[in-house]
1. Once label points are set 7 Å from the Cα along Cα→Cβ at both LEU62 and LYS167, what is their separation, rounded to one decimal in nm?
2. Run the numbers for SER54 and ASP182: contour at 0.36 nm per residue of separation, minus the present Cα-Cα distance, in nm.
3. For GLU30 and HIS80, what does the FRET efficiency come to when R0 = 25 Å and r is the distance between their Cβ atoms, rounded to the nearest 0.05?
4. Length gain on complete extension for the stretch THR45 to ASN23, per 0.36 nm per residue less the alpha carbon to alpha carbon distance?
5. Amide H to amide H, which residues 5 or more places from LYS40 or on other chains are under 5 Å from it, using H placed in the peptide plane?
6. If you average 1/r across every pair of different Cα atoms in segment 98-160 and take the reciprocal, what Kirkwood value do you get, in Å?
7. Please list, in chain and number order, the residues 5+ apart from GLU173 or on another chain whose amide H is under 5 Å from its amide H, with Hs placed from the backbone.
8. Under the Karplus relation 6.51 cos²θ - 1.76 cosθ + 1.60, θ = phi - 60°, what is the ordered set of whole-Hz ³J(HN,Hα) values for segment 185-197, x standing for Gly and Pro?
Amino acid sequence: MIDRGSLIVFEGCDRSGKTTQCNKLITQLEADGHKAKYLKFPDRTTKIGQLINSYLGQSCDLDDHAIHLLYSANRWEAIHTMKSLINQGTTLIVDRYAYSGVAYTAAKEGFTLDWCKQPDIGLPQPDKVFYLTLSSEALSRRGGFGDERYEKKDIQDKVAQNFQKLKDGDWEEIDADKSVEDLHRELYSRVKQVMEDSKKKALGKLWT
Ligand code: FDM
Ligand code: MG
């Protein structure tokens with residue numbers, strides 16, 4: 001039997017460098033002979049993803065519950081591919097996952113963390129969540145937010161508080177306020193360790 005790949009998730013506020021770091025990890029893993037693939041949620045390429053994309057670009061409005069369920073559906077529609085890649089030995093480096101789903105919706109009025117978690121219960125459980133953090137001073141040094149929905153300071157603060165509430169034993173908080181190369185070196189060695197530790201373990205189910 002071949003060793004399975006790992007499911008490694010990156011979470012963190014906007015502008016924390018998740019996408020840059022995920023892509024650098026893929027390049028380095030492949031160069032070192034590992035099978036690795038980058039996934040990003042929301043995956044804006046599917047039909048559901050296109051709807052999410054219009055919502056984020058403010059070209060359509062959706063009820064807050066409805067958009068929450070669409071984000072979740074956008075993960076569920078990927079799980080067959082995800083599981084088969086993992087079982088064939090490919091490590092998935094995932095840019096946002098169900099934790100973003102919960103943290104962003106629960107930042108809205110009238111939503112509990114518990115309600116927000118329900119639709120994602122049972123998704124593949126990450127072997128590790130790297131949570132990239134930046135102080136608000138470091139964040140402001142990185143320049144302003146864009147025009148998408150949620151790219152505002154008050155929302156980002158609530159999202160960060162929600163991430164803190166979602167943290168469990170599989171999370172590692174990483175201070176992202178360092179150079180791209182230094183952060184990459186730190187993450188690469190952590191990722192290799194996770195791959196080593198998880199290859200003989202069964203993949204779990206999220207929040208069960
Ligand atoms: N987002 C992302 C959610 O609100 N729910 C989710 O389930 C996910 C995965 O979508 F503001 C939010 C987070 C962010 C926006 O994400 C788009 P990217 O990473 O900026 O594309
Ligand atoms: Mg964004």
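Values quoted throughout were computed directly from the atomic coordinates according to the rules given, and no laboratory measurement underlies them. The shown structure was predicted, so the numbers you read here are calculated from the model rather than taken from an experiment. Cβ placement follows ideal geometry from the backbone for every residue including glycine, while neighbour counts extend to all protein chains displayed.
1. Taking the two extended label points, one gets 3.0 nm.
2. Between SER54 and ASP182, full extension yields 42.5 nm more.
3. For GLU30 and HIS80, the calculated efficiency is 0.60.
4. My answer for the length gained is 6.1 nm.
5. Counting only residues 5 or more places away or on other chains, the set is ASP95.
6. Its Kirkwood hydrodynamic radius stands at 13.5 Å.
7. TYR131
8. 4, 5, 5, 4, 5, 5, 5, 4, 5, 4, 4, 5, 5
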